[in-house]
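The next block holds one structure in the form of structure tokens; read it before the comments.
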Amino acid sequence: MAMAQATFNTDPIIDWPMRIDPNVTPPPSTAVLPKTVHQMWKTALDRPELELRLAILQSIDKAQQMGISGLLDIYGMQVKSIAPNPKSSQPLAIKSVATLIELDDRSASDILIQFNKTGKTDWVLLTDSTLAKWQASSMNDLWLSRATNPKVSWALRNSALQQLTVTAPEKAQGPLRQLLGESSLDPLLKLAAAKALGQVAKRGLVADAKRLAKGDIPSRLMAIACLANHDSNDVTDVAVDLMTNRNEDPAVILAAGNLLLTKNPSELVKHAQALGEHADAGIRQLAGQCLIDQITAQRVPALAQMLNDANPQTRVMVREAMIKLAQRDALSDAIKSSALNILKQTQWQGQEQAALILGKLDIESSVDALFDVLDNATRQEARVAAATAIRWLDIDSQKTVALGRVQSLFASMKSNMASPHAMESAQLIQWFGQTQYEPATKHLLEYIPKNVVPSAPREAAVWSIGKIGKNQLTQNLGNKLMGRVKDTNEMNPESVDVQIAAIVTLVRLGHHSLINRFLSAAGTSMAMLDLQVLETCKVWAESVEAGKPYVMPVPEPVTASGWYLEPLKMSVDQ
């Protein structure tokens, strides 16, 4: 079975030059259906057999979900002809409408409306949200009628309210407001009504909101929801009172805070410190977003402390904001000093994010603290970030220190394929390759033998040997590297990542004829390597040999197989 390169489970901001210089991983191919399949499906849709037609519709849905293009043009009219047919069985009618929805056939809105108006639960729940998405304004009266009719089932009333939230017809304001006053109405339906009302009404609901704010949790959520489109003065008093209630439910605090974030962020930021200390991750993230939106140099330290947050989404949000905000002269110094302060603390979460900030901002004065993280951090995430930042900083005088660190890690990783130091080592080794640091060559040669250390540092070392280029130590490596490329032992195969790095390095060291012969014959001999990757390697190798720019080949569309009714390809023997 052909294998692709392994992906690194690291933060997306951490780059891996050995994977993009050169990039030999081809983009995904466009999938197409065989013409014979289209022909058989179109014929089968006109057949009377129910199960056959259902299976074809299911297959069309699957193809659409796979991203195969042109299906609406091919099947749209035919599927529409099935849906309104009075002779269609209910399963076929339902499935055909579902397929029209999957194909996003907006010309079929009249068909969906026709079935929706039957009032049957299955039909309504199938079509409601799609009709709202398609902005079928003719449905507003029906949705409003269902939402306010106590004889309609809970499911259909709730669905109608959800759609009114999307379409927000102005005429719904009065009836929705009446629903809020019905004491016997289910609280969840009331909340749905409040959300819909909040999208319709831009004024006049403050008194209602203040009354609801004195009620139970659903009522307090309604108070916030119905003020969604009111101006900031109307919103502030109600939202602040709810948000600052010491015993308030987190859902209410979050809803009130989000409303203030859009309507009156300067008021919300006054409460950012308390919100940032809340046990709820969503509320802390809200505090971080508020500090970002209302940032000043004085607020930077408080924002930087959120790099330690337990929620990774909050940490990344704050990191990305600090990198961007540092471009402002008024904030630059505060951000740099705050990030360095977090780096010197002991929480790995903050160390990881601060290292990446300092590396991206090219703060060379942080290099000693980054090496301290490499030496002392208990978590791999922090060490990998520190190693990456050191590579980004590219301080020439630190290469000898980094080489010593890599040599020490090599000794600790020997024969330990699960070493937690593999990724940080790979980051530092890539630095040697990127900068053609020739003194590292002798040590890098130790990574070539299989299974000596984990594959990530081996891949980095083999790639870096090629980047450093031909010298006395590397000029006779052809056979050793080719041994890695050709090692397809099924019981103990060479890492695909190392094999690709070896191919690239063989080309860079000038073994063009050797590698070209291999790549030309690799289709049958390299069962572990993806043939598309090998073809891309061949194109890159030819461009290097010819001294021309490398252009990634565009993969041919792939004919997807295994479809319903697709003819089987029989061998000659059969």
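A few comments on the model shown:
- Surrounding net charge for Gln173, when Lys and Arg each add one and Asp and Glu each subtract one, Cβ distance under 12 Å: +2
- Summed residue charge, Cβ within 12 Å of Leu71's Cβ, Lys/Arg positive, Asp/Glu negative: -3
- Calculated from backbone phi, Karplus (6.51, -1.76, 1.60) coupling profile of region 148-160 in Hz, x at Gly/Pro: 9, 9, x, 7, 7, 4, 4, 4, 6, 5, 4, 4, 4
- Degrees separating the helix 90-102 axis from the principal Cα axis of the chain, which is the longest one: 60 degrees
- Ranked by the mean number of other Cβ atoms within 10 Å per residue, highest first, peptides 453-459, 268-274, 281-287, 146-152 order as 453-459, 281-287, 268-274, 146-152.
- Across region 202-294, C-alpha contacts under 8 Å between residues 6 or more apart give a mean separation that, scaled by the residue count, equals a relative contact order of 21 percent.
- Residue order, fewest to most beta carbons within 10 Å, for Lys336, Lys190: Lys336, Lys190
- Amide H within-cut-off set for Ala31, under 5 Å, with H built and near neighbours excluded: Val558
- Remark: relative contact order (the chain) = 13 percent; criterion is Cα-Cα distance under 8 angstrom and separation of 6 or more residues.
- Pairs with C-alpha atoms separated by more than 24 Å, drawn from the list Lys360/Lys538; Lys442/Lys467; Lys151/Lys195; Lys195/Lys263, are Lys360/Lys538.
- Mean Cβ count within 10 Å, highest first, over the residues of peptides 303-311, 347-355, 441-449: 347-355, 303-311, 441-449
- Against the main long axis of the alpha-carbon atoms of the chain, helix 380-393 sits at an angle near 70°.
- Computed from the Cβ-Cβ distance with R0 of 45 Å, the FRET efficiency linking Gln273 to Lys151 stands at 0.30.
- Helix-only mean residue ellipticity at 222 nm for the chain, each DSSP H run of n ≥ 4 adding -39500 (n - 2.57), per residue, nearest 500: -18500 deg cm²/dmol
- Near the amide H of Leu529, within less than 5 Å, lie the amide hydrogens of Met3, all on another chain or at least 5 residues away, with H placed in the peptide plane.
- Contour excess over end-to-end distance, with Cα ends at Lys133 and Leu473 and 0.36 nm allotted per residue: 115.9 nm
- Spin-label pair Thr244/Asp73, simplified geometry with 7 Å Cα→Cβ offset, distance in nm: 6.1 nm
- The fewest-to-most ranking of Ser338, Ser138, Ser543 by surrounding Cβ atoms within 10 Å reads Ser138, Ser543, Ser338.
- Pairs of Cα atoms farther than 43 Å apart, the chain, %: 47 percent
- Listed by chain and number, the aspartates and glutamates whose C-alpha is less than 15 Å from the C-alpha of Lys171, apart from same-chain residues fewer than 8 away, are Asp141.
- Tilt relative to the chain, helix 35-45 - C-alpha long axis, 0 to 90 degrees, to 10: 20 degrees
- With a cut-off of 11 Å between beta carbons, the residues surrounding Pro312 carry a summed charge of -2, where Lys and Arg count +1 and Asp and Glu -1.
- Phi-based couplings in Hz for region 349-361 (Karplus 6.51, -1.76, 1.60; Gly and Pro marked x): 4, x, 4, 4, 6, 5, 4, 5, 4, 5, x, 5, 8
- Between region 1-69 and region 269-288, the Cα center-to-center distance that results, in Å: 42 Å
Coordinate-derived values only; no laboratory data. Worth saying up front: this structure is predicted, and the values here are computed from it rather than measured. All Cβ positions, even for glycine, are placed from backbone atoms using ideal geometry, and neighbour counts span all protein chains on display.
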